[in-house]
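Here's the structure, in structure tokens; my notes come after.
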Amino acid sequence: MTHSEEPQIGAAPASADSTWAGFVRGTVAQVTEHGPGRQLVGPIAYMVDASWRVVAYNDAFADAFTGRRVPENMFKWMVWEGRDQLPEHNKYWMRRVVPQLDSLLEEFPNQPELMELARWTERTVGGPLRLAGRTGPDGEIRPLIHARYGFGSLWIGAATPMTPEGRVVFAHFYAGATPAEVRALLRSPAGRQGAA
């Protein structure tokens, strides 16, 4: 892909055939180190539609899941289905993901896919949709058990806002590091020079 064909950061994805989808699929991750013997994997890239169905992803994204089985819906995976890979699930994942749906429902109250996700969430977690927590994912650091590299933390950055057309997300996985350790690393001079 030439530079002129790269999608503009902040522009919403349009469909699985969009320039963004091709860019995401073509994103090649590198494995480096963020400390002695600790792998840094990224960028991990994926694109979802407005109801969090996975539309496009790169190889590094598939590698994160057990058996490279990419979830059909990232919202459902983060809220419930992926609990085995999501340490401190309630604190770092459910309480930070569900408010994103709540915010979108306020902005787009008549979108059927979002209303169905809200009903699924209420049935699955057994409570009201609105949970205390802040929305993400831009700049979030959350723990993850990576299928290939084991425990670590994921730095997540939104390349586009969530719109009725969807969102593109890029992430980096810091093997063996807690969220607090990744925050400290990113604040350090080495982290600011390109660790993420």
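The values are calculated or read from the model by the stated rules, or taken from the named source; none is laboratory data. These figures come from a predicted structure and were not determined experimentally. Glycine also receives a Cβ, built like all others from the backbone with ideal geometry; neighbour counts cover every protein chain displayed. Each accessible area value is taken on the protein alone, full model and side chains, heavy atoms only, with ligands, DNA and RNA left out. Shrake-Rupley method; radii C 1.70, N 1.55, O 1.52, S 1.80 Å.
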Quantify how much of the Cα-Cα distance distribution of the stretch 27-80 extends past 16 Å, in percent.
48
Could you state how much accessible area Glu81 has, in square angstrom rounded to the nearest 10, with a 1.4 Å probe and all protein chains kept in place?
110
At 1.4 Å probe size, what's the solvent-accessible area of Thr32? Round to the nearest 10 Å².
60
Multiply the residue separation of Gln111 and Ala147 by 0.36 nm, subtract the distance between their alpha-carbon atoms, and state the gained length in nm to one decimal.
9.6 nm
Might you report the magnitude of the Cβ-based charge dipole of the stretch 27-185 about its Cα centre, with Lys and Arg at +1 and Asp and Glu at -1, to the nearest 20 debye?
400
What is the spin-label model distance, in nm, from Lys91 to Val28 if the labels are put 7 Å beyond Cα along the C-beta direction?
3.9
R0 of 45 Å, Cβ-Cβ distance Asp84-Thr19: FRET efficiency to nearest 0.05:
0.85
